[in-house]
Amino acid sequence: MHILKRFFAGLALLSLVYAQRPPETPAWAPKPSELPKYVAPHKPHTKLSDLVAKHKGEKNWREVIVSDDYLHAEYIYSQPGSKVGKRFHPDTREWWIVMDGQIRFEIEGQEPIVAPKGGMVQVPMTTIYSMETVGDQPSLRFEVNIARAKVLYPQTEEPPKLPGFTHIPVRVARQPGKYTSGNKPFIDFHEETKAPTYRGGRFIHDDRAVSNIIYGPAPASTDPKNRGHYHAESTEFWLIVAGKISYKIEGQPFIVADVGDVVYVPMYTFHLAQSYGEGKSCRLAMNGYPALAHLYDPLEPH
């Protein structure tokens, strides 16, 4: 009975996915003769357990996980009372996933948010925000912004030293950004999953970035010939939020990623991600386009 339930749940999820897809068109797509190489700091699989071991004994630490032409992402570990002063990004959206502890966010135009483990928070461009690790436990957050995003500071704040730069006083036309296109200031992932019908959805929708919450059970069966798809316009990476996710990545060994791990794939590289093991799993998928094309193998010989 348990197997049948998982089978029909998988069918329902597949039906939902295919119902949302536009009609497919046979096409020719570019594929390099050699697979793109991983360039530091990128790795196919970054294990959170390895990062924790690497920084053992440090009270505060940060580690760049992704830094490419599209997005920049870091893990940041902070002690209680650690603060990020008021600031804003003139042209980009920023977002965070709280992986441990609690963080209080003050976002212009919003009520204060105390985000617990599993909390997902975002701030639009031109919007002043600050944050503080609260409670009696350190916090761990995964922080993402558009590549090469700039930071501005209200003149009531003392800007930090920036090698090679001097902060000068300026005037800038600004008003708090709006949460449109389905964007929300805060999502409590663990509260959302209490609904039996929850299947995830879009977390970030921006003209320069997207992030999808993909939540569900492992598929009832898998096709060993299925190598997934690739993207010709953007890299992609995933933060594992719950359970385990398996990855088949062209040119790489089979990967099983756990909570907190990050999996990264370059452009032009076939990849297939699936929930793995018992129960439901969740990955937060991130790339540089709101409607990134997925390029699949043809169903029939061409």
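Near Arg208, once Lys and Arg are set to +1 and Asp and Glu to -1 for all other residues with Cβ below 15 Å from its Cβ, the sum equals -4. Ignoring lysines fewer than eight residues from Lys43 along the same chain, the ones with Cα atoms less than 26 angstrom from its Cα are Lys31, Lys54, Lys56, Lys59, Lys117, Lys150, Lys225, Lys244, Lys248, Lys280.
Take every Cα pair under 8 Å whose residues are at least 6 apart in sequence, average their separation, divide by the length of the chain, and the relative contact order is 19 percent.
Rounded to the nearest 20 debye, the dipole magnitude of the chain is 160 debye, with +1 charges on Lys and Arg beta carbons, -1 on Asp and Glu beta carbons, and the Cα centre as origin. Neighbours of Gly177 by Cβ distance under 12 Å: Lys/Arg scored +1, Asp/Glu scored -1, total -1. Over the chain, dividing the summed -39,500 (n - 2.57) contributions of all DSSP H runs of at least 4 residues by the number of residues returns a 222 nm mean residue ellipticity of -3000 deg cm²/dmol. Net charge around Tyr198, counting only other residues with Cβ within less than 10 Å of its Cβ (Lys, Arg = +1; Asp, Glu = -1)? It works out to a net charge of +1.
Mind putting a number on the dipole of segment 48-186 about its Cα centre? Charges go on the C-beta only, +1 for Lys and Arg and -1 for Asp and Glu, and I need it in Debye to the nearest 20. Each step should come with its number before you reach the end.
Working: 18 positive and 17 negative charges, 50 e Å.
Dipole of segment 48-186, to the nearest 20 debye: 240 debye.
Please list, by residue number, everything in segment 149-178 whose backbone N is under 14 Å from a paramagnetic label point 7 Å out along Cα→Cβ of Asn60. Output list for this probe position: 160-161.
Restricting everything to alpha-carbon atoms, can you work out Rg to Rh for the chain with a Kirkwood hydrodynamic radius? Result for the chain is an Rg/Rh of 0.97. By the count of neighbouring beta-carbon atoms within 10 Å, fewest first, Thr133, Thr197 end up ordered Thr197, Thr133. Rounded to the nearest 10 degrees, what's the angle between the helix 2-20 long axis and the longest principal axis of the chain, both from Cα atoms, 0 to 90? Approximately 70 degrees, to the nearest ten. Counting only Cα atoms, I'd like the Rg/Rh figure for segment 48-186, Kirkwood definition for Rh. Ratio of gyration radius to Kirkwood radius for segment 48-186: 0.96.
Bear in mind that the values in this text are calculations on the coordinates, not laboratory data. What you see is a predicted model; the values in this text were computed from it and never measured. Here Cβ is always computed from backbone atoms with ideal geometry, including for glycine, and neighbour counts include all displayed protein chains.
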